Amino acid sequence: MAKLKKEQLEKMLIGYRKNHPEFGQEVDEILEYLKKEDPDNQTLEAVRKKCEILFEREKKKERKDGSPQETGVVYKVYEEYPPDIRQRLQLAETDPHYQNWANAVKALPRKTLPLPVVDSAFIKSAREKWEKNIYGNEDVLQIVLRHIVEYGKTGKTAPILLVGPPGIGKTLIARNYGLIMGLPFSFISAPSASLNRGLSGAPNLYVGAGAGAVAQAMINGQAGNPVICIDEIEKAGSGYSGGPGFHNELLAAMDESNTHWHDNFIEMDLDASHIPYVFTANTRDTLSAPLLDRMEIVEMKAPEKEVIYNILKGITVPESIAVYDSDQVLFEEKEISMLVELLWEKGNLSCRPYQRAVDFLISDACLKAIEAGKTVSVTEKDVRQAAERCSQQASLSVIGF
């Protein structure tokens, strides 16, 4: 959405409310942002984001043939501001101490996005998206679809734990979980979150206090049900000084009856029970039994050589060429196969060295094509150099140290 001035936003929203009274409450909430005489850029950006999500939701209500489309169930995140919150919001207009807190409270979404309507067309679309972004892993897809069906029917589903060595696509699968459901995706590093505000936030008494990762994911996605991926949970420690341990926060977040999630910064109870969670771990040996009991554990193995070849051929190479927007780079199947063979022989089971090699080869070929002013092919010599480079120790990737 192009940048709009305050007056344009107000006029557009008033007209939208007139034509779509079913969204009257949401529009009124957005208009509240514009009541300031001179809203700052951050406020206007928040308004624009809310507008984009609201209008996108309206678009999704119609099928391509113009017939009405069934929409999923929507749940409230909170009913209304409690009296003490309303009082502090008034104080925030004159007291800078409450300003960051007030911005977070006002940015909270009031509802979830509609749950996915799971029918045969949805399943077909889900499989197409999966094959486009993830090659193979049919057994994992079946688990993902089963959870999506449960979520679409009940509004809740158990967390999924993806366990396996680094670089085999666990995070990519988590992202596609959200993509298939049409929900915003939030990535949280467990080691980082456990050392900062954690999942439930830091009280507005500390320097750098702010909303926890759960409430922040809601704000960023403007939905009460973002798909949250918590990465490397086996490496998480304790929470911020004086707060609950990250382990206890995880247990509370995973509770399906979590209709009163309390964020220590926002100081409001939120219904976080409709958030789908995906966790990743390199090993589950250090995870507690209470955590494991609440998850469906999916053991993932390193991909076979043939799978890696098909990922590079069907996904990685085309996407990398598209990123550079270059039709003057040729990366033939013969050279792709050679790259896979060379890296596989060196014991590379993770997908990351293969991806780094492809990025290096495409960027190098693109540079040559620009300089020569003609089409450039990736050669066997180029592939050998890239394979050798990407198989070196990580220390060699830091030039000058």
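The values are calculated or read from the model by the stated rules, or taken from the named source; none is laboratory data. Please read these numbers as outputs of a predicted model, since none were measured by experiment. Cβ coordinates were reconstructed from backbone atoms using ideal geometry, including for glycine residues, and neighbour counts include every protein chain displayed.
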Filtering region 322-356 down to residues that are farther than 23 Å from I370 by Cβ, without any contact (Cβ under 8 Å) to a residue 40 or more places away in the chain and not in a helix (DSSP H, G or I) yields G347
Picking from I275, I311, which residue would you name as being out of contact with any Leu (no Cβ under 8 Å at 6 or more places or on another chain), in a loop (DSSP other than H, G, I, E, B) and surrounded by 13 or more Cβ atoms within 10 Å (Cβ to Cβ)? I275
Which one of these does V317 not meet: (1) buried (at least 22 other Cβ atoms within 10 Å of the Cβ); (2) assigned by TED's automatic domain parsing to the domain that holds V163; (3) β-branched (V, I, T)? (2)
Would you please list the contacts, defined by Cβ atoms under 6 Å and residues six or more apart or on different chains, that run from a residue in region 306-321 that is farther than 20 Å from V376 by Cα to a residue that is of a type in the set (A, V, I, L, M)? I308/V340; Y309/V340
Taking first residues from region 131-142 that are at negative phi and in contact (Cβ under 8 Å) with a residue 24 or more places away in the chain and second residues anywhere that are of a type in the set (S, T, N, Q) and in a loop (DSSP other than H, G, I, E, B), the pairs with Cβ under 7 Å that are 6 or more apart or on different chains are none
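Table: residues versus (1) touching a Leu at 6+ places or on another chain (Cβ under 6 Å); (2) at positive phi; (3) touching a residue at least 24 places away in the same chain (Cβ under 8 Å); (4) surrounded by fewer than 18 Cβ atoms within 10 Å (Cβ to Cβ).
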residue	(1), (2), (3), (4)
V73	yes, no, yes, yes
L89	no, no, no, yes
T94	no, no, no, yes
V105	no, no, yes, no
L115	no, no, yes, no
V118	no, no, yes, no
V144	no, no, yes, no
Determine if region 203-210 includes at least one residue that is free of Cβ contacts under 8 Å to residues at least 40 places away in the same chain and closer than 23 Å to T316 by Cα. no
Between a residue in region 367-378 that is over 16 Å from V323 (Cβ atoms) and any residue that is among the aliphatic types (A, V, I, L, M) and surrounded by fewer than 17 Cβ atoms within 10 Å (Cβ to Cβ), which pairs come within a Cβ distance under 6 Å, given they are 6 or more apart or on different chains? S377/L330
Qualifying residue in region 243-263 (condition: closer than 30 Å to E345 by Cα and surrounded by 19 or more Cβ atoms within 10 Å (Cβ to Cβ)): no
Which members of region 189-218 meet the condition of being among the β-branched types (V, I, T) and either surrounded by fewer than 21 Cβ atoms within 10 Å (Cβ to Cβ) or more than 16 Å from A253 (Cβ to Cβ) (or both)? V207
Odd one out for L361, checked against (1) under 26 Å from K170 (Cα atoms); (2) assigned to a loop (DSSP other than H, G, I, E, B): (2)
Within region 133-146, can you find the residues that are in a helix (DSSP H, G or I) and in contact with a helix residue (DSSP H, G or I) (Cβ under 8 Å, 6 or more places away or on another chain)? N133, V140, L141, V144, L145
Assess whether R110 counts as being of a type outside the set (A, V, I, L, M, F, W, C) and in contact with a strand residue (DSSP E or B) (Cβ under 8 Å, 6 or more places away or on another chain). yes
